[in-house]
Amino acid sequence: MRHVIIVDVEDHPGVLNRIASLFRKRAYNIESLAVGHSHRPGISRMTIVVAADHNEALQVVKQLDKLIEVVSITDVTEQRHVSREMALAKVAAPEMKRTEILQLANVYRAQVVDVSPGSIILEVTGDEDKIDSFVEIIRPYGILELTRTGEVAMVRGRAMPTPHVLVEEGPAA
Amino acid sequence: MKRTGAEIILDSLVAHGVHSVFGYPGGACLPLYDALYHYQDRLNHILVRHEQGAAFAADGYARASGDVGVCIATSGPGVTNLVTGIAGAHMDSVPVVALTGQVPRNLLGTDGFQETDATGVMLPITKHNWLVMNAEELPRVMEEAFHIANTGRKGPVQVDVPKDVFLEEVEFDGFPPPRIPGYNPDEGTQPDPTQVRAAAEVIYGSEKPIILAGHGIHYSDAYDELLAFAEKANIPVITTLHGVSSFPESHELSFGMVGMHGNLYANWAVDRADLLIALGMRFDDRVTGRLEDFATNARIIHVDIDPAEIGKNVATDVGIVADLKPTIRALTDEIERLDHTPWVKQICQWREDHPSLAIRETEIVLPQWVIRQIYHITNGEAIVVTDVGQAQMWAAQHFWYDRRNTFFSSGGLGAMGYAFPASIGVKYARPNEQVWCIIGDGGFQMTLQDLAVVREHDVDVKIAIINNNHLGMIRQWQTLFYESRFMSAKLENPDFVKLAEAYGIPGLRASTKSDVVKVLKEAEKIPGPVLMDLVVDEVEKVYPMVPAGSSLAETIEGDEVEEARYA
C-alpha cells in the first residue's frame, strides 16, 4: 500500500543524500519524493511516498527518525490530509487538434503555459489519480515530454501532523 | 581568545576527558599533528601501524571504558583504511569519534591528491558525520560529535576537516551546549509506567520465561538491576554474544549463550519458552536462527533504547523504548517475588543430559581445552578480547565470565583482525587489569603489525594465538556444507615465535597439553606483552551449532566423524 510520509529536515547540504542512502541500504521503495523550503527558516519539508505494508512503513518512519537531521516525521496516510502533484505535459498539437485538446484540458482545469507551432505545454495540478487520468486522456494526441513533481501533502485542519508515536501494535496483556 | 581549528579540536578532546587517541598522520592532517605536539602532556597519541588498527583500538577503548574512543586518520587512504573499524563500531553501537583530515577547501571536488569523498564513504556506517568548512563551526561540531556518539543508541561519528580549516584561526569562547532539533535522546529514557505494568502482567501470565540479556546491559550499566530482577522474578538468564559478561555465569540462573553456537540447553530454553524478556538486544539472525521458527510459543517483551529495534525482526507484545537501568528497576519494583523452579529445573535437566560445555578427554590439544586453561590460570579474572570465527566462539563458550564487562568481540560486523588492536585499546582503558587477546592464526595476520605498538609502548597484552593452521570456521563450514572441498582454508603460517622476537616481544610455543599449561603460566608472569603460539587440533569444530537456515530447535550437538575420532 502507498504510505505518504511528511518529513521536516534541517536544511543542510547532504541531507537528501542521507535520506536516499537509507532507502537504498534498507531496500525501501520510494515512489516519489518532493522537497522544498517550509515555513520555518532552516527547515525543509519532504513528502515521501513509499510502497510498503504496515510494518515496513513503520520501519521506514523509525529509521528515518534516527537520522540526526530529521526534525520530525509523520506517516499521514491514515490522517485526513490533502495531497497534490503537478505535471507539465508537452503535447503534439497541430492546428486542427488544438481546440479538442484545449477542451479536454479545460475539463481537468489544466493551464496552458506555452503555445508553440505544433505543440503546447499544459500544467495540471491534482492528486495522483487525477494526473494519471489526465495523462491517459491526452496520450493519444502524442505526449512529447512529461514531467511530474511527485506528491506534496498537508494534514487538514489547524492541527500540525501528529508526531509519530512509538507504540507497537498488538495487545499488551 | 584566538584558536586554530586544530587547537579547538584538541581542546575538545581534553574537555571530554580523552587521554589516549589512536591515529596515523598524513599530509592532510599534519596541522593536527603539529598541534598535538604541544598537547603531549595532556593527550597520549598512540601511533598504530595501520589506520584500521586505530579504529579497532578506539572501539576497544570505548567498550572497556564506557567513554568515547578517538581515532585519527588522514584523507584518502587514511579514511578508507578506517572503514572496517568504523563499520564494526556502527554495527555494535560503539561510541567512537573519528577525526579525519581532508584536502584543503580549494581542492575539494577536484580529485586532488589523496582526496576521497570521505563523508560520503562514511555516511552509511556512522551515526552522523560532518564536513567542517569553517573553523568557527568546530566548537559546535565537536560538542555535537561527542554528544551524538555517546547518547541514545551509541555509535561512531566522523568529523572531516580540510587541511586549511585545521590552520584557520578564529575567535574561540568555549564549547556551546549541543542543540540539535532532530535529536533528543533523553526523551524516552524513562520507561512508561503503563508499559511496565503491562510487562508485569505478561510476566505473571508466564510459566516458562527467559531473560535474553544483550549488549545494552553493559551500555546502561544495568548489571545490578539485571541480577536483582532475575533473582526476584526467578527467571533464567541467557545472553547474546555481546551480552556475555553482563550476568555472572556461575549464577544458578545463568545458562550461558544463545544462538548459532549457543548452548544446546539455552537454545532449547529459548525455543520452548512462553515468554522472552529481551533486554538491550536486537534479535540478530545469529541469535534467532530461522526467524519463522523462532520461539514460536513465546510472547515477547522487548526493551531497547532504539525505537527502530522494537518490532524490526520479531513481533513484540510489549515494546518499551527506554534506558535499561531504570526500566529493569521499575520492572523489579512492579513485580512480586516469583518462583519458576519447575522451569529452571527443566533447563538444568537438559544441561545435565546435554552438557554443551563438556570437553572430551584427549591426548591431542583441543582449542576449547586451551581456553579453559586460560580461564583457570587467570582465575577467571582476565579481560578477554576475541577475534572472529572459531576461537571467538570457544572463547565465548569456555571462558566463564563472572566479572562485568570483561568480554569484547566484533559481533555484528564480525571483522577478522579486530582482537589484537582492540585489546590495545582495552588495555589503555583498563590498565590495571589483565588483558588477553584470544585470536586465530588467520585473524592475527590481518593486523599483526601492531606488535610494533605493544613493544613501543610496552602495552601488557597477552596474545594467545589459537593456532590450528587453518581458517577454522571456513574449514568447518566446508566440512559440513561443502562436502569437505577445502578451498583456501589451509594456512601456510610464518613462525609466530620468531615473528614476535623480530618485534622484540617474547614468543612462546606449545603443542602439547603440558606445554600449554607451562606456556600460559609463564606468559602470565612475564610483565609486558607476550605472544603465545598455541598449536591445537586442526579439525576440531565449534559445537553446538545451528546450521544456517535452521531453527534453534534444530541445534546439533556434534557430528559422527567427531564421535568416531575419539571413540
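Values in this text are rule-based calculations from the coordinates and carry no lab data. Owing to the predicted nature of the structure, the values given are computational and were not obtained by experimental measurement. Methodologically, a virtual Cβ is constructed for each residue, glycine included, from the backbone with ideal geometry; neighbour enumeration extends over all protein chains shown.
Data table
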quantity	calculated
Distance in nm between pseudo-label sites at A:D132 and A:Q111 (7 Å out along the Cβ direction from Cα)	2.6
Chymotrypsin sites (Phe, Trp or Tyr not before Pro) within the stretch B:64-164, DSSP loop, no more than 12 other Cβ atoms inside 10 Å	B:F113
Additional length obtainable on full extension of the chain from B:R105 to B:A358, 0.36 nm per residue less Cα span	85.0 nm
Assigned charges on the beta-carbon of Lys, Arg, Asp, Glu; the stretch B:193-353 dipole about Cα centre (debye)	120
Nearest 10 degrees, 0 to 90: helix A:15-25 Cα axis against chain A principal axis	80
Within chain A, longest stretch clear of exposed GluC sites (Glu not before Pro) (DSSP loop, no more than 14 other Cβ within 10 Å)	A:79-168
Beta bridges by DSSP in chain B, antiparallel share as percent, to the nearest 5	10
DSSP beta bridge pairing in the protein assembly as shown, given as percent antiparallel to the nearest 5	45
Where labels lie 7 Å past Cα in the beta-carbon direction, separation of A:S21 and A:T147 in nm	2.8
Charge dipole (chain A, unit charges on Cβ, about Cα centre) - positive-most of A:V61, A:I43, A:I143	A:I43
Order of B:Y37, A:Y141 under a 10 Å beta carbon neighbour criterion, fewest first	B:Y37, A:Y141
Hz values of 3J(HN,Hα) by residue in the stretch A:99-113 - Karplus curve (6.51, -1.76, 1.60), Gly and Pro given as x	4, 4, 5, 5, 5, 5, 4, 4, 4, 8, 6, 7, 9, 8, 10
Given charges at Cβ of Lys, Arg, Asp, Glu: chain B dipole, positive-most of B:I465, B:G417, B:G27	B:I465
Antiparallel content of DSSP bridges confined to the stretch B:2-171, in %, to 5	10
Other-chain or far-sequence residues with amide H under 5 Å of B:S254's (modelled H)	B:V237
Peptides B:155-163, B:508-516 ordered by average Cβ neighbours within 10 Å, highest first	B:155-163, B:508-516
Residues of type lysines that A:K62 reaches as a straight line, Cα spacing below 26 Å, ignoring anything fewer than 8 places off in the same chain	A:K25, B:K127, B:K154, B:K312, B:K325
Neighbour-count ranking [beta-carbon atoms within 10 angstrom, fewest first] of B:L366, B:L47	B:L47, B:L366
Residues A:H37, B:H457, sorted so that the one with the fewest Cβ neighbours within 10 Å comes first	A:H37, B:H457
Debye, to nearest 20: dipole size of the protein assembly as shown, +1 on Lys, Arg Cβ, -1 on Asp, Glu Cβ	460
Segments B:56-62, B:274-280 sorted - mean Cβ within 10 Å per residue, highest first	B:56-62, B:274-280
Potential extension, B:E522-B:L291 segment - 0.36 nm per residue separation minus Cα distance	78.5 nm
Under 5 Å, built H, 5+ apart or other chain: amide partners of B:I320	B:H302, B:V303, B:D304
Mean ellipticity per residue at 222 nm, deg cm²/dmol - from DSSP H runs of n ≥ 4 across chain A, formula -39500 (n - 2.57)	-8500 deg cm²/dmol
Spatially proximal lysines relative to A:K97 (Cα-Cα < 25 Å; intrachain offsets below 8 disregarded)	A:K130
Loop-located GluC sites (Glu not before Pro) in the stretch B:226-321, at most 13 other Cβ atoms within 10 Å (DSSP)	B:E252
Loop-located GluC sites (Glu not before Pro) in the stretch B:328-373 whose Cβ has at most 13 other Cβ within 10 Å (DSSP)	B:E336, B:E361, B:E363
Computed [θ] at 222 nm, deg cm²/dmol, chain B (DSSP H ≥ 4; -39,500 (n - 2.57); rounded to nearest 500)	-10500 deg cm²/dmol
Pair B:V539, B:L47: separation of 7 Å Cα→Cβ label points (nm)	4.8
Set of lysines with alpha-carbon distance to B:K462 below 16 Å, sequence-local pairs under 8 removed	B:K427, B:K518, B:K521, B:K525
Cα-centred dipole magnitude for chain A, charges only on beta-carbon of K, R (+1) and D, E (-1), debye, nearest 20	240
